[in-house]
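First up is the structure itself, then whatever we jot down about it.
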Amino acid sequence: MSAPTLSPRIPDWAVDDPAYRDALNYLYSFSGESLPPRPPADRARKLPRTRALLAVLGNPERRFRSVLVAGTKGKGSTAAMLDAMARDDGLNTGLYTQPHLHSWRERTCLNGRVIEPEVVVELTAEIRPAVERLTREQPEVGTPTTFEVGTVLTLLAFALAGVRLAVVEVGVGGAHDATNAVEPLLVVLGPISLDHTATLGRTLSEIATEKAGLLRPNGLAVVGHQQPEAVAVIERLARERGARLERLGQEWQWHPEDDAPASGPFTVEGSADGERRTFRLSGLSLPLLGRHQRDNATLAIAAAHLLGGQGFRIGPGAMRRGLARVDWPGRLQVLRERPWLVVDGAHNGDSALALARALCECLPARRTHLVLGVSEGKDLEGILDGLLPIADRLTVTASAHERAVDPSTLAAAARARGADPTVTPRAEQAIHAAYAQAGPNDLVCVTGSLFLVGEAIQTMSKERGSRAR
């Protein structure tokens, strides 16, 4: 395996456009520590508020069809795969994901290209008076958040660009999420686990209830592998709403075609009744490593196949080519070889376990150096429990993001588990030091936060550019 060429993704600070920076400042002004805390009741106002803002703008979300992709992990990868397959079949697509690695513009993609700065400026100018009108005429719904305003901007961009099919990654939640303002052709529910417990609930059942709240009456959903507690919630809500479920491991499954199940070719099969095969696609390749990414690919293929009954036929060739070409940085992405330098945004316990398994299967190394930074509200204990067993050395650090957990807090949690971490507050220094200590047969993995992953990719991109000059 060779390290791919790094994608040229321009960070926001490098965009020399005052109007774009003003637009970003406006978008970010709706969230932050300087603002008064929102009341607990604000959660129930999120979706009505987003719908009200869309109504002021003429309901742009009704001018295209959409798929909602939710879950605790894997939803961004699944959304990117489905978008890639639809684009390969000639559909005019929009892809909405979050968070971004380098630039806010990455959240909004039109036919595979990030939205241009001047378009963000134009749409922000259109949204400003709509927000002012909303807060003036409907003060009871409260002030929109940055995520809500950004979601509305993206949906408006899709409408103006003539998008036919939008693949929309749901944010933190589900039923109350701003993205639920669209009316999807189908819903994809990836694996659900404990995350954002302060917002979504303390138990898996509560979190699953929020995410499965996306199911539509008499609608259709593709469901990934779930823990029993989540399965019970999803199946109950599906029965109550008359929704049809297509499940990974039952109606849909994949199997490897060689001795490299986490990185080699694979086959996806679907069935109408759990026994009779009605769909088979073999010889599939995927640039994203790990068994969990093949799970995600199967969900995306199932969604693409089922869209055929909704007026969007995506052919097998497009599915195969789209998967082979999908570009989704920061997820088990190899930046360098000898020693390996890998980045992955594993941000909860289950994601950490999937990462550890994939590293052992796909990139076996003599020693593994872990560079870890975590954002507030994440399952630090679960992440450490998942990754410490494979780590020969641990460096804790922090991204530049305001929500980054102090490295001393990470170090204390790691020491409580018997580790002896090195504390390096600046991420760039932590990455360089770990890489310098690694031998040619070792592996350095930067993980825990997508914000940290973005900084790592940017650091390596700058170095490669400097060497080229």
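Structural remarks
- Order of Cys445, Cys109, Cys360 under a 10 Å beta carbon neighbour criterion, fewest first: Cys360, Cys109, Cys445
- Panel order for Lys46, Lys211, by other beta carbons found within 10 Å of each beta carbon, from fewest to most: Lys46, Lys211.
- With both labels modelled 7 Å from their Cα along Cα-to-Cβ, the Glu376 to Ala260 distance reads 4.3 nm.
- Selected from Asn111, Gln98, Gly71, residue furthest toward positive end of dipole (the stretch 46-139; charges at beta carbon): Gly71
- Shown here for the stretch 258-346: GluC sites (Glu not before Pro) in loop regions (DSSP other than H, G, I, E, B) with at most 15 other Cβ atoms within 10 Å, namely Glu275, Glu337.
- Panel order for Phe158, Phe312, Phe147, by other beta carbons found within 10 Å of each beta carbon, from fewest to most: Phe312, Phe147, Phe158.
- For the stretch 375-423, applying the loop criterion from DSSP together with a ceiling of 16 other beta carbons within 10 Å to the trypsin sites (Lys or Arg not before Pro) yields Arg403, Arg417.
- Additional length obtainable on full extension of the chain from Arg133 to Arg280, 0.36 nm per residue less Cα span: 47.7 nm
- The value of relative contact order for the stretch 314-469, using C-alpha pairs under 8 Å at least six residues apart, is 31 percent.
- Extreme residue, positive dipole direction of the chain, given options Pro261, Thr397, Leu204 (C-beta unit charges): Pro261
- Helical mean residue ellipticity (222 nm; -39500 (n - 2.57) per DSSP H run of 4+; nearest 500) of the chain: -12500 deg cm²/dmol
- Part-to-part distance (alpha-carbon centres) for the stretch 379-416 and the stretch 300-372, which is given in Å: 23 Å
- Test item: Cα-centred dipole of the chain, Lys/Arg +1 and Asp/Glu -1 on Cβ, debye: 600 debye
- Of the GluC sites (Glu not before Pro) found in the stretch 382-469, those in coil by DSSP whose Cβ has at most 11 other Cβ atoms within 10 Å are Glu402.
- Take every pair of alpha-carbon atoms less than 8 Å apart whose residues are at least six positions apart; their mean separation over the length of the chain yields a relative contact order of 15 percent.
- Bridges between two residues of the chain, per DSSP, are antiparallel at a rate of about 35%.
- Antiparallel %, DSSP beta bridges [both residues in the stretch 333-468], to 5: 20 percent
Each value in this text was obtained by applying a stated rule to the coordinates, not by laboratory testing. What you see is a predicted model, and the numbers here were worked out from it, not measured in a lab. FYI the Cβ positions are ideal-geometry reconstructions off the backbone, even for glycines, and counts take in every protein chain you see.
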